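Chemist: Got a structure for you, questions after.
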Amino acid sequence: MVAAPPPIAFLDFAHSLEAAFRRADYAESAFPELAVEHVERARLHETFDLGALARWVLAGSALPPQQDIAAKFGDPPITVWAGRRFFVSVLVWRTSTTSIHQHAFTGAFQVLQGSSVHSRFEFDTRRVFSEDLAIGTLRNVCVERLERGMVRPIRPSNQDIHALFHLEHPSVSLVVRTYRDERHPTQYSYYPPGLAIWSLRHDVEQRRACQVARMLVETDPAQAEFAVGELLPEMPAVDGFALLSELFSAGDLGLALRALEAAKPQLDAELAAAFEAALHERDRQTCLIRRRASIREPDLRYLLAILLNAPTRTHALSLAAAHTPGRPAPETLVGWLVALSRVTLKLQVGGQPWEPNVLGLPAADDASCEALRAVLAGEPAPIGKPGAFYAAVRYGSTFAPLFRE
């Protein structure tokens, strides 16, 4: 079947949904179910053609008003229809992985191309520092693989806390959403294991402070560490974490932790502990996300998705079993780990070629593989001393979800 030109392919769908939403008096609470129903009925994934969509944009057609022109969510996002109360976008994902987030709008999304690992969470608030920041416990309640054509609702606020890891290069999503649900104005991002931050607030002063912090990291790291460490106890908690995050992303984990350590005597102890735990987990996740661009083999990208999304060994085994039915999940995981140990980065040091493993793994050995299969299956490790490969996987923070109960 030949795909229709992109504007036409979405017009009938959007007009039908607009009419239904109007009949519902534009009730935001009704929109997720309406959107799911109409997306499923339209079956746009069956005729979707990314090349045709790209040609439509490149041809200089009269595009509808483009949302998110800064491409903060999508790589890029392309608005294909915009109406009075909602709009329709096609989001292309190349190496992007979404943060754990909630929404200040309602709607639905569908996988148009590729597939993704989708995680849903609940956040149990323990302490609120301001409307911008809270600490608590972030719990993973569902991990699933979304294949082409699958549709999920988007509900506002903490009704729908989720994250997506896109497996194929590229993956493409259809997003049908309202502009904003005024009943739920905040849109938090979540940092495991227990930090919630309103990261999308338009705060000019905070953004400029982060830019200055980045400048200092790149020109005088010691001054950046001293300044943030000294000023951290005096600033709002959300600004403090933003600056620590800037030290982390522009520098490294050590720089951010040293600044935090300097501020600890004057900082709320519970807040400092939450910041430290969030930075450590962010470092683990950032390593995996950065390495994703160097790993193109689909099974190994799926392993990275498991490491990023599975909260426990049971979840990891379930995801592996769904990917390779008929094969024991521990065997599958160990096979992927062995394959991952053979993936290297092509670098140069002092003019000489150097090819370290993409995640710092040593070569696999039989004793290590046997021990890993047993532990992943919930059995005691065999008697005897496994090799360095076992130790690197079993005790490395990167692989911790595979062994967490």
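The values are calculated or read from the model by the stated rules, or taken from the named source; none is laboratory data. What you see is a predicted model; the values in this text were computed from it and never measured. Virtual Cβ from ideal backbone geometry, glycine too; neighbours counted across all protein chains shown.
Chemist: From the list ILE161, ILE135, pick out the single residue that is crowded, with 21+ Cβ neighbours inside 10 Å, touching a Lys or Arg at 6+ places or on another chain (Cβ under 6 Å), farther than 21 Å from ARG296 by Cα and not small (Gly, Ala, Ser).
Modeler: None of the other options fit; the residue is ILE135.
Chemist: Name the residue, out of ALA377, ALA310, that is under 21 Å from the mean Cα position of the chain (by Cα) and closer than 27 Å to PHE165 by Cα.
Modeler: Selected residue: ALA310, the only one of ALA377, ALA310 that is under 21 Å from the mean Cα position of the chain (by Cα) and closer than 27 Å to PHE165 by Cα.
Chemist: Same structure, new question: Exactly one condition in (1) touching a Phe, Trp or Tyr at 6+ places or on another chain (Cβ under 6 Å); (2) among the aliphatic types (A, V, I, L, M); (3) touching a residue at least 24 places away in the same chain (Cβ under 8 Å); (4) under 21 Å from THR314 (Cα atoms) is not met by ALA364; state its number.
Modeler: It fails just one condition, (4).
Chemist: Now for a separate question. List the helices (runs of 4 or more DSSP H) inside the stretch 197-300, counting only whole elements, that have at least 1 residues being under 21 Å from the mean Cα position of the chain (by Cα).
Modeler: 237-250, 253-263, 269-292
Chemist: State which residue pairs qualify: first residue among the hydroxyl-bearing types (Ser, Thr, Tyr) and inside the stretch 314-329, second residue modelled with pLDDT of 95 or more in any location, beta carbons under 6 Å apart, and separation of 6 or more residues or different chains.
Modeler: Final answer for the pair search is THR324/THR332.
Conditions tested, residue by residue: (1) assigned by TED's automatic domain parsing to the domain that holds VAL128; (2) surrounded by 18 or more Cβ atoms within 10 Å (Cβ to Cβ); (3) closer than 21 Å to ASP283 by Cβ.
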position: GLU225; (1), (2), (3): no, yes, yes
position: VAL228; (1), (2), (3): no, yes, yes
position: PRO233; (1), (2), (3): no, no, no
position: PHE248; (1), (2), (3): no, yes, yes
position: GLY254; (1), (2), (3): no, no, yes
position: LEU257; (1), (2), (3): no, yes, yes
position: GLN266; (1), (2), (3): no, no, no
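Chemist: Spot the failing condition for GLY335; the list is (1) buried (at least 16 other Cβ atoms within 10 Å of the Cβ); (2) of a type in the set (Gly, Ala, Ser); (3) in contact with a Leu (Cβ under 8 Å, 6 or more places away or on another chain), and only one is missed.
Modeler: (3)
Chemist: Give me the residue from the stretch 138-150 that is surrounded by 19 or more Cβ atoms within 10 Å (Cβ to Cβ) and within 30 Å of ASP239 (Cα to Cα) and, out of that set, modelled with the lowest pLDDT.
Modeler: Step by step, filter the stretch 138-150, then rank; the result is ASN140.
Chemist: I'd like to check something: does the stretch 48-63 contain any residue that is within 14 Å of PHE109 (Cβ to Cβ) and either modelled with pLDDT under 90 or basic (Lys, Arg) (or both)?
Modeler: Within the stretch 48-63, none of the residues are within 14 Å of PHE109 (Cβ to Cβ) and either modelled with pLDDT under 90 or basic (Lys, Arg) (or both).
Chemist: For the stretch 169-189, what are the residues that are basic (Lys, Arg) and modelled with pLDDT of 90 or more?
Modeler: ARG177
Chemist: Now, a different point. Confirm whether SER89 is in the same structural domain as ALA35 (by TED's automatic domain parsing), touching a Cys at 6+ places or on another chain (Cβ under 9 Å) and part of a strand (DSSP E or B).
Modeler: No: the conditions fail for SER89.
Chemist: I'd like to know if the stretch 303-322 contains one or more residues that are surrounded by 20 or more Cβ atoms within 10 Å (Cβ to Cβ) and not hydrophobic (A, V, I, L, M, F, W, C).
Modeler: Yes, that holds for at least one residue.
Chemist: So ASP75 passes all but one of these: (1) outside any strand (DSSP E or B); (2) at pLDDT 95 or above. Which condition number does it fail?
Modeler: ASP75 satisfies every listed condition except (2).
Chemist: Within the stretch 301-324, restricting attention to residues that are out of contact with any Leu (no Cβ under 7 Å at 6 or more places or on another chain) and not in a helix (DSSP H, G or I), which residue is nearest to ALA377 (Cα to Cα)?
Modeler: THR312
Chemist: Could I ask something else about it? Against the definition (outside any helix (DSSP H, G or I), on the phi < 0 side of the Ramachandran plot and out of contact with any Cys (no Cβ under 6 Å at 6 or more places or on another chain)), how does PRO401 come out, yes or no?
Modeler: no
Chemist: Given (1) out of contact with any Phe, Trp or Tyr (no Cβ under 8 Å at 6 or more places or on another chain); (2) crowded, with 16+ Cβ neighbours inside 10 Å; (3) aromatic (Phe, Trp, Tyr), where does PHE21 come up short, assuming only one miss?
Modeler: The number of the failed condition is (1).
Chemist: Only residues that are in a helix (DSSP H, G or I) and either in contact with a strand residue (DSSP E or B) (Cβ under 7 Å, 6 or more places away or on another chain) or surrounded by 14 or more Cβ atoms within 10 Å (Cβ to Cβ) (or both): list them for the stretch 379-398, please.
Modeler: PHE389, TYR390, ALA391, ALA392, VAL393, ARG394, THR398
Chemist: Within the stretch 127-182, track down each residue that is among the charged types (D, E, K, R), under 15 Å from ILE197 (Cβ atoms) and in contact with a helix residue (DSSP H, G or I) (Cβ under 8 Å, 6 or more places away or on another chain).
Modeler: ARG127, ASP132 - these are the residues of the stretch 127-182 that are among the charged types (D, E, K, R), under 15 Å from ILE197 (Cβ atoms) and in contact with a helix residue (DSSP H, G or I) (Cβ under 8 Å, 6 or more places away or on another chain).
Chemist: Of all residues in the stretch 31-51, how many are among the aliphatic types (A, V, I, L, M) and either touching a Pro at 6+ places or on another chain (Cβ under 6 Å) or loosely packed, with under 13 Cβ neighbours inside 10 Å (or both)?
Modeler: So the count comes out to 1.
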